[in-house]
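Okay, structure first, notes after.
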Amino acid sequence: QVQLVESGGGLVQPGGSLRLSCAASGIRFAINAMAWYRQAPGKQRELVARISTGGSTVYADSVKGRFTISRDNAKNTVYQQMNSLNPEDKAVYYCNAVSIRTNAWGQGTQVTVSS
């Protein structure tokens with residue numbers, strides 16, 4: 001049974017930082033590309049960052065230079081360090097795992113940026 005469990009969301013002031021984690025089970029983590037998506041109220045889900053099995057990364061233009069995605073294959077976990085957060089980053093953040101046999105989603109974690 002594939003399971004992705006996100007954690008690390010919460011309320012932060014503008015300019016603050018958060019670190020999201022996504023722990024995976026039930027998959028061969030190392031062969032999955034991992035990604036973070038987000039969905040704000042009234043908007044479509046969008047890609048935030050992706051990391052390949054080899055460690056190559058892709059970022060949405062809106063988060064380049066502020067967010068960093070990383071993975072620890074030994075811990076079956078993907079991370080997203082988010083710095084310089086602003087109110088436009090408020091959303092539910094979802095973890096995604098993709099391989100030939102897998103396209104799995106976590107339940108999401110809420111990030112709120114407000115003073």
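The values are calculated or read from the model by the stated rules, or taken from the named source; none is laboratory data. Everything quoted here is computed from the prediction, not taken from an experiment. Here the Cβ positions follow ideal geometry from the backbone for every residue, glycine too, while neighbour counts run over all protein chains shown. The area values use the complete protein model at the heavy-atom level, side chains included, leaving out ligands, DNA and RNA. Shrake-Rupley method; radii C 1.70, N 1.55, O 1.52, S 1.80 Å.
Straight-line reach from LYS43: which lysines have a Cα under 22 Å away, not including same-chain ones fewer than 8 places off?
Excluding near neighbours in sequence, the set is LYS64, LYS90.
At a Förster distance of 41 Å, what's the computed FRET efficiency of SER114 paired with ALA74, Cβ-Cβ distance as r, to 0.05?
0.70
At 7 Å along Cα-to-Cβ for each site, give me the label-to-label distance between GLN44 and GLN1 in nm.
It is 3.3 nm.
Highest mean first, what order results for 71-80, 13-22 on Cβ atoms within 10 Å?
Working: 71-80: 17.9, 13-22: 15.9.
Most protected by this proxy first, the peptides run 71-80, 13-22.
Accessible area of segment 12-112 with a 1.4 Å probe: how many percent of it is carbon plus sulfur? Intermediate results must be reported in sequence, preceding the final value.
Working: 2460 of 5230 Å².
The C+S portion of the solvent-accessible surface of segment 12-112 is 47 percent.
Taking only protein heavy atoms into account and a 1.4 Å probe, give the accessible area per residue of segment 24-115 in Å².
Solvent-accessible surface per residue comes out at 53 Å².
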